[in-house]
Amino acid sequence: MLVKEIKELRSLIKAWKREGLSVGYVPTMGALHEGHESLIKRAVEENDKVVVSVFVNPTQFGPNEDFDSYPRNINKDLELCINACAAIVFNPEPSEMYYGDKSTSVSVSGLTSVLCGAKRPGHFDGVCLVVSKFLNIVTPDKAYFGEKDAQQVAVIKRMVRDLNIDVEIVACPIIREEDGLAKSSRNTYLSKDERKAALVLSRSLEIAKDALRKGERNANNINNSIKEVLNSEPLAKIDYVEIVDSDSLKSVEIIERNVLIPIAVYIGKTRLIDNFTFEI
Ligand code: PAF
């Protein structure tokens, strides 16, 4: 069922709650793919009812980013959600979500000043604002996020903890194409040659995984080996390669605890991200 208005969504969810039903929630910006589908299916398995929001959130895009060109196809998204057994697809207009004179911001410090937060100023403020609004509207028992956006998961978990929002945040594994490319709505921007070149992201991380499995613990060496692979691809331009503590997201020199290895790489004009966590 497609719902456009907050008032209607709230009354449907209240009726479920009166019946004692649990609610799962999957926030998305649409252009749904198998990665989103896996989140929805997991939510359906673990909850009585599932709400998926489809909303290209203007407040998380920078002035020179792809808000206008971000892929939108609500009919296709609706079909995927129905097939995955979501009960409601919430697809509000920006005017339904944001008051013209909105004066409240939601900002998580520290965790947002590194990685994508450093490269995309204001991005996580926009994400936190919209996600906290959606959590207040949907009041889910559990909300599902993909680990491809590992920093987003860490930031949302911190926001939920700090604001005592009564929801469990469930992080779900990255879903990949058969050849290893992490599924992303932005993969649709890639030309045939760029699509081939984009494989360099997962390939560089596999090399790092291999070195870690063989016992390499010097973060600089791992970082260099990833960069070497990325630099071997003429269509790739590194935005960042980092080795960070998986809780604090602070850079590490020697790998002694669980680390997150996130990378952001431009393939032509398209910025792609990927990562893995190495557990000790
Ligand atoms: O990960 C995304 O698609 C977005 O950042 C989210 C969580 C739906 C908020 O707009």
Checklist entry - Does any residue of the stretch 236-250 turn out to be farther than 20 Å from L115 by Cβ and touching a strand residue (DSSP E or B) at 6+ places or on another chain (Cβ under 9 Å)? => result no
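Residue-by-condition table, conditions (1) touching a residue at least 12 places away in the same chain (Cβ under 8 Å); (2) out of contact with any strand residue (DSSP E or B) (no Cβ under 6 Å at 6 or more places or on another chain):
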position: V3; (1), (2): yes, no
position: R18; (1), (2): no, yes
position: V52; (1), (2): yes, no
position: P92; (1), (2): yes, yes
Next on the checklist: Tell me the residue from L115, L129 that is within 20 Å of D247 (Cα to Cα), within 16 Å of the chain's Cα centre (by Cα), assigned by TED's automatic domain parsing to the domain that holds V51 and within 16 Å of the ligand (Cβ to nearest atom), please.
Outcome noted: L115
Item to check | Members of the stretch 234-280 that are surrounded by 19 or more Cβ atoms within 10 Å (Cβ to Cβ) and of a type in the set (D, E) | outcome: E242, D274
Next on the checklist: With the requirement that a residue be outside any helix (DSSP H, G or I) and more than 13 Å from the ligand (Cβ to nearest atom), what does the stretch 183-200 give you?
Outcome noted: L190, S191, A198
Checklist entry - Which members of the stretch 135-173 meet the condition of being within 15 Å of the chain's Cα centre (by Cα) and of a type in the set (D, E)? => result E147, D149
Checklist entry - Consider A219 against the criteria (1) surrounded by 14 or more Cβ atoms within 10 Å (Cβ to Cβ); (2) touching a residue at least 60 places away in the same chain (Cβ under 8 Å): it satisfies all of them except one. Which criterion is unmet? => result (2)
Checklist entry - If you scan the stretch 173-216, which residues turn out to be within 22 Å of F145 (Cβ to Cβ) and among the small types (G, A, S)? => result G180, A182, S184, S185, S202
Checklist outcome for this item: The strands (runs of 3 or more DSSP E) lying wholly within the stretch 19-106 that contain at least 1 residues that are away from the ligand (no atom under 13 Å from the Cβ) and under 16 Å from G146 (Cβ atoms) are 23-28, 49-54
Item to check | Contacts under 8 angstrom Cβ, first residue in the stretch 152-167 being within 15 Å of N136 (Cα to Cα), partner buried (at least 18 other Cβ atoms within 10 Å of the Cβ) and hydroxyl-bearing (S, T, Y), 6 or more apart | outcome: V167/Y25
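The values are calculated or read from the model by the stated rules, or taken from the named source; none is laboratory data. This one's a predicted model, so the numbers in the text were calculated from it and none came from an experiment. For neighbour counting, all protein chains shown are included, and Cβ atoms are generated from backbone atoms with ideal geometry for every residue, glycine included.
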